[in-house]
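Here is the structure we will look at, set down as C-alpha cells.
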Ligand SMILES: [Zn+2]
C-alpha cells in the first residue's frame, strides 16, 4: 500500500482566514464536528492553525462542540480575531512526504493534526490523528493477509502431482512430434500415410497446447500459494472454494465476482 501523506490525508479541508472572528471559527468547528482549522492567507498559503483548545484557552466563556453560545457570548467571541489566538507558522507536511515522517512529527510535537501543503506552501489537505489510525488499521490488516492462509494442503498436493504429470505428458508429446517429423524425413509416405501423419501431428500439437496452458495455470496457482493468496478472491477477499481451484487452478476470483465481472462485460 502507498504510504505517502497524500493517500491518507483528508482533502479539501475546511479552513479560515486570520481576520475572521473566533466566533466564525467556533461555528465552523461545531458545524463540521472538527477540532482543528488550518488558517490561510489570501493566496491559500498556510499561515496558522487554530485548534478548539486554542479557542477554549482564549475565549472568556466555557465552550463546547455540543452546547451553543448565548447571544451575549456570541457577541464577545465575535470581537476576537482568529489571528490573535491561532498558532503561527505551524509545522506543516508536504503531500508527497512519507507517512511515517508525518506520524513522527505529530507524535514528537504532540500535534493533533498537520496541515498538508503542496510545493508552494498552498493548503492541500489535513492529516489528523484519526487519519493516522485508519492508515495503521489498513496496514495491520494487509500484514495479516500475507500470513499463510489456512492452507488447503490436499489441494496443493494434488496440484503439484498434476503439474509433475503434465510435465511428463508434455515431454512425451514433444518426443512424439519429433518421431513424426523423423519418420516423414526418413521414409517417403504415400498419400494416405501423409494425411494420417499430418492429422496425428495436428492432434499432438493441440494436446500439447492444452497441457501447457493447464501447466501455466497450475504454476500460477502454486505461485499464489507461496504468497498465501491461493484461496483468496482478489476482488472481494472472500474464500475461493477448493472445487473451483481444482477446476481453474490459476483463478484469482471467486465464482460470484467472476460472474459479476462477466455481467459487467
Ligand atoms: Zn470474490
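No lab work stands behind these numbers, since they all come straight from the coordinates. Just so you know, these numbers come straight off a predicted model, no measurement behind them. With ideal geometry, Cβ positions are generated from the backbone for all residues, glycine too; neighbour counts draw on all protein chains shown.
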Pseudo-spin-label distance residue 32 to residue 162, built 7 Å along Cα→Cβ, given in nm, is 5.5
When 156, 49, 92 are arranged by how many other beta-carbons sit within 10 Å of their Cβ, fewest first, they go 156, 92, 49
Going from the fewest other Cβ atoms within 10 Å to the most, one would list 224, 94, 213 as 213, 94, 224
Taking Cα pairs closer than 8 Å and at least 6 residues apart, the relative contact order of segment 153-264 in percent is 27
As a percent rounded to 5, the proportion of antiparallel DSSP bridges among beta bridges in the chain is 85
If one builds a Gaussian network model of the chain from Cα atoms under 10 Å apart, the most fluctuating residue listed among 163, 198, 235 is 198
Candidates 73, 178, 104; GNM for the chain (alpha-carbon contacts under 10 Å) flags as most fluctuating 178
Rounded to 0.05, the calculated FRET efficiency for the beta carbons of residue 185 and residue 212 at R₀ = 25 Å is 0.50
Honestly the chain on the Cα gyration tensor test (a ≥ b ≥ c root eigenvalues; a/c under 1.5 rounded, otherwise a/b vs b/c for prolate or oblate) is just prolate
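Which whole-number percent gives the relative contact order of the chain, counting Cα pairs below 8 Å spaced six or more residues apart?
17
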Calculated from DSSP helices alone, with each H run of at least 4 adding -39500 (n - 2.57) and the total divided by the residues of the chain, [θ]222 nm to the nearest 500 comes to -18000 deg cm²/dmol
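Could you tell me whether segment 158-265 comes out rounded, prolate or oblate from its Cα gyration tensor? Rule is a ≥ b ≥ c as square roots of the eigenvalues, rounded for a/c under 1.5, then prolate if a/b exceeds b/c, otherwise oblate.
prolate
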Rounded to the nearest 5, the percent of DSSP beta bridges in segment 5-146 running antiparallel is 85
Put in order of increasing Cβ neighbours within 10 Å, starting from the fewest, 173, 134, 95 give 134, 95, 173
